[in-house]
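Data first, discussion second: the structure below is written as structure tokens.
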Amino acid sequence: MDEKLIRRAKEKDESAFEEIIDTYKPVVERFAFQFGINHTHLADIVQETFIKIYRKLDQYHRGKFSTWIYQITLNTTRDFYRKQKREQALIQKSMEQEKENISAGYYFEREEHVLLHESIQQLEPKYKAPLILYYFHDKSYEEIGVILKIKLSAVKTRLHRAKRKLKKIYENEIGEEGIDIERQKIG
């Protein structure tokens, strides 16, 4: 990201901040979605993320700007989950309805991708975040460590465990899907 653009945005130049939004909105959307935010809440998370970026822009001084954006997106997503946890009963019902209504084609090309996404959502957040950052956002181990504020060794360990857990979950999902398909053929 151009330092001149960031400086202009810090000086409250609206066109500079709009350029930042245009550049990073797809990244924020994809990361929040991959972290489990459903499409109904995605626009709110993106908006809240950019409000926080705007308010905290003066606090950005060094390092990769994109890493700073990922940190804010992750924190906004975590805040959202904490809020949802307090409203658990309503949200559970809402999530089930939304899951039925999601148009998988909007984000996924094939059914296997939907199964993979659903499997990733079953991982604990500490495993989900590094996995998404590494495989879907092409972040290095070092960048993941900075974004998640963990040591490099922890990044490697969590990625290894995440892959192992994801494989097990995914295989179980495929097994259940296979059983459902067989039942449909028999019935």
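Can you sort Lys12, Lys52 by how many other beta carbons sit within 10 Å, fewest first?
On the way: Lys12 10, Lys52 15.
Result, fewest neighbours first: Lys12, Lys52.
List, in the order given, every pair from Lys128/Lys168; Lys128/Lys149; Lys56/Lys139; Lys139/Lys167; Lys128/Lys156; Lys52/Lys83 whose Cα-Cα distance in the structure shown is over 19 Å. In this structure, Lys56/Lys139; Lys139/Lys167 lie more than 19 Å apart at Cα. If you bin all the Cα-Cα distances of the stretch 109-177 at 10 Å, starting from zero, the percentages per bin are 22, 49, 24, 6.
Every number in this text was worked out from the coordinates using simple rules, so none of it is lab data. Quick caveat: nothing in here was measured; it's all calculated off a predicted structure. Using ideal geometry, Cβ is built from the backbone for each residue, glycine included, and neighbour counts are taken over all protein chains shown.
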